[in-house]
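Below is one structure; the comments refer to it alone.
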Amino acid sequence: METDDALSPNRRLRQEILLARERVYHFASLTPVEPLGAPGLDVWVKREDLSPIKAYKWRGASNRMAALTPDERPRGVVTASAGNHAQGVALAAAKLGIDARIYMPGSTPRVKVEAVRRLGGERVKVILSGDSYDEAMAAALADGRETGATYIHAYDDLRVMAGQGTLADEVVLSGHGPFDIAYLQIGGGGMAAGVSEWLKTYWPEIEIVGVEGIDQACMGAAAAAGEPVTLEKVDLFCDGTAVRKIGSQPFEILRTRLDRLITVTNDEVVGAIRSLWENLRCIAEPSGAMGLAGALKERPRIEGKRVLVVLCGANIDFLKLGQLAVGQEAGRSLSRTLSVRIPERPGSMLRLLNSVFTGASIVDFQYGKTDDSDAWPVFTLQTESESGLDEIAARLEDQGYDWKERDHAVDIRFRAIPLRGDLLQHPAFLRLDFYEREGALRDFLRAHLPQSGNLCYFNYRSSGERVGRALIGIEFPSPEARTAFLGSLTPSGDGYRLCEPLDPETAGRLMGRKA
């Protein structure tokens with residue numbers, strides 16, 4: 001009989017998954033596998049968001065801690081985590097009666113910190129340490145060396161990997177297989193390793209696709225180098241997979257089990273979050289939707305095939321929901337951000353809107369006057385097809401407009417809208433709330449912007465609500481023209497629910513005057 005040392009890493013992992021089957025269900029129950037229900041696709045979702053900690057991490061932490069020896073238990077455990085693994089350790093600590101110190105980065109979402117404290121109760125002490133996972137981990141390891149507490153690694157541990165593998169066992173037993181393709185998100189690699197090993201054991205022909213954030217691709221870097229390497233920087237949008245270096249044990253499994261690696265953008269992840277909400281009425285944290293993002297990115301490839309994805313977590317800070325809905329323009333339409341040069345004179349902006357942007361929705365509009373001759377307003381446009389964006393570009397070219405793409409401009413992303421107040425002639429600044437629909441902005445300006453008025457400021461971003469909100473600046477050739485315009489404007493009207501002048505103090509701040 002072979003000893004554990006003589007077994008290959010893959011066989012040892014399979015053996016540990018079999019042992020984990022008995023341990024983990026003392027802590028929680030299995031989670032369902034449900035069809036996504038997206039038209040034209042046969043995608044099934046493993047609902048780890050329905051577990052006690054709203055993520056899969058309870059499996060690995062519980063399995064590892066249940067296997068502690070009688071000598072290890074009194075010394076307690078220590079770990080580092082940005083959230084979900086910490087909750088798994090807290091759950092196991094409370095149920096096993098084991099003391100745990102959990103180091104979390106100071107930037108951890110509050111919802112995760114509070115969940116750890118709630119789950120662990122008196123058995124758990126949360127210590128916020130450093131700004132990153134690496135700093136929290138260094139502090140936790142130092143604690144373990146000093147106190148003799150056992151360090152419970154979030155992913156680079158055989159029994160942790162095996163615990164995560166039990167979710168694949170549930171997939172196999174669900175009766176919804178076999179699956180043709182599985183898209184598995186990769187952070188440290190523990191979940192992807194355990195799940196891929198078990199799926200390949202039962203369905204050798206299944207294609208395993210590893211999915212990484214485009215700026216988090218630690219497995220891709222390791223595959224290229226032939227060994228785990230440390231990324232210089234990692235994007236934190238998908239915080240649950242924001243790992244600089246893949247675990248050495250997961251790497252050994254994944255290099256034999258992955259058929260392909262792909263990367264996804266943050267916008268593609270947000271599109272997947274939206275798809276989960278629209279089809280299953282569930283909300284995933286960004287990392288939790290990464291597998292589905294990979295599948296949707298390869299939609300033509302997966303049509304006619306049965307696809308498995310893992311919704312691996314739903315612990316998202318409430319405040320981030322607004323960022324997802326507003327900031328990422330999540331997935332239903334195609335978008336492009338561009339700036340267009342127009343003459344700085346009355347009527348130029350309206351002519352551009354009327355002649356070029358038909359068939360597109362303006363979801364972001366930024367402009368402030370900085371020159372007496374030329375204006376460069378910035379627009380983010382959405383269309384239902386790539387051809388719609390191409391048609392807008394063609395119209396700009398045909399009509400002789402000078403324009404530039406600004407999709408990745410930092411100042412535009414941060415909405416840094418410059419405005420030279422010293423150039424403005426008799427301006428009026430308005431708050432406008434209008435009913436959102438295609439062409440609503442154009443209709444308001446066409447109906448209410450006087451011929452002598454020149455748009456000198458515009459600040460609008462779609463919020464996804466039924467009502468759009470904008471700040472508008474209009475300058476006039478004389479004080480009398482300004483007064484006449486303000487006198488003719490009603491507080492509400494056709495297509496808008498509110499239009500009112502800003503108070504002088506606010507308008508002065510916009511123009512850079514002292515408060």
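The values are calculated or read from the model by the stated rules, or taken from the named source; none is laboratory data. Bear in mind the structure is a predicted one, so any value in this text is a computation, not a measurement. Every residue, glycine among them, receives a Cβ derived from its backbone with ideal geometry; neighbour counts consider all protein chains shown. Accessible surface areas use protein heavy atoms only, side chains included; no ligands, DNA or RNA. Shrake-Rupley method; radii C 1.70, N 1.55, O 1.52, S 1.80 Å.
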From phi via Karplus (6.51, -1.76, 1.60), per-residue ³J(HN,Hα) for the stretch 35-50 in Hz, x at Gly/Pro:
x, 5, x, 6, x, x, 10, 10, 9, 10, 10, 7, 8, 5, 5, 9
For the stretch 124-140, take each phi angle, set θ = phi - 60°, evaluate the Karplus expression 6.51 cos²θ - 1.76 cosθ + 1.60, and give the result in whole Hz per residue in order, putting x for glycine and proline.
10, 10, 8, 10, 7, 9, x, 9, 10, 4, 4, 5, 5, 5, 4, 5, 5
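How big is the antiparallel share of DSSP beta bridges in the chain, given as a percent to the nearest 5?
If we restrict to bridges inside the chain, about 60 percent are antiparallel.
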How large, in percent, is the carbon and sulfur part of the accessible surface of the chain at a probe radius of 1.4 Å?
49 percent
Mean residue ellipticity at 222 nm from the helices of the chain, using -39,500 (n - 2.57) per DSSP H segment of n ≥ 4 over the full residue count, to the nearest 500 deg cm²/dmol?
-11000 deg cm²/dmol
Which of the lysines could a cross-linker bridge to K369, judged by Cα under 26 Å and excluding same-chain residues fewer than eight apart?
K404, K514
Computed ³J(HN,Hα) along the stretch 444-454: with the Karplus parameters 6.51/-1.76/1.60, θ = phi - 60°, integer Hz and x for glycine or proline, the list is 5, 5, 5, 7, 10, 6, x, 4, 7, x, 10
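Once you compute Rg and the Kirkwood Rh from C-alpha atoms, what is the Rg to Rh ratio for the stretch 381-515?
On the way: Rg = 16.6 Å, Rh = 16.9 Å.
Rounded to two decimals, Rg over Rh is 0.98.
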Given 0.36 nm per residue, what is the gain on full extension from S174 to R255 after removing their alpha carbon distance, in nm?
26.4 nm
Counting sequence-distant residues (5 or more places) and residues on other chains, those with an amide H built under 5 Å from that of S462 are D364
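If R₀ is 45 angstrom, what is the calculated FRET efficiency for the pair D215 and T490, using the beta carbon separation as r and rounding to 0.05?
Numbers: r = 49 Å, r/R0 = 1.09.
E(calc), rounded to 0.05, equals 0.35.
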Over the alpha-carbon set of the stretch 50-161, work out the extent along each principal axis and list the three values in angstrom, largest first.
35, 34, 27
Distance in nm between pseudo-label sites at Y151 and R301 (7 Å out along the Cβ direction from Cα)
3.6 nm
Find how many whole Å separate the alpha carbon centroid of the stretch 371-404 from the alpha carbon centroid of the stretch 489-503.
29 Å
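What do the square roots of 5 times the Cα gyration tensor eigenvalues come to for the stretch 317-437, in whole Å, largest first, as semi-axes of the equivalent ellipsoid?
Values: eigenvalues 118, 85, 37 Å².
Equivalent ellipsoid of the stretch 317-437: 24, 21, 14 Å, largest first.
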Check the straight Cα-Cα distances from K125 and name the lysines below 30 Å, setting aside those fewer than 8 residues away within the same chain.
K54, K57, K95, K112, K233, K245, K320
Would you grab the residues whose amide H sits under 5 Å from the one on E285? Only those 5+ places off in sequence or on another chain, please, with H modelled 1.01 Å from N.
G313, A314, N315
Would you please give the residues with an amide H less than 5 Å from that of W44, counting only those at least 5 places away or on a separate chain, with H modeled from the backbone geometry?
L36, V307, L308, V309
Probe 1.4 Å, protein heavy atoms only - accessible area per residue of the chain in square angstrom:
44 Å²
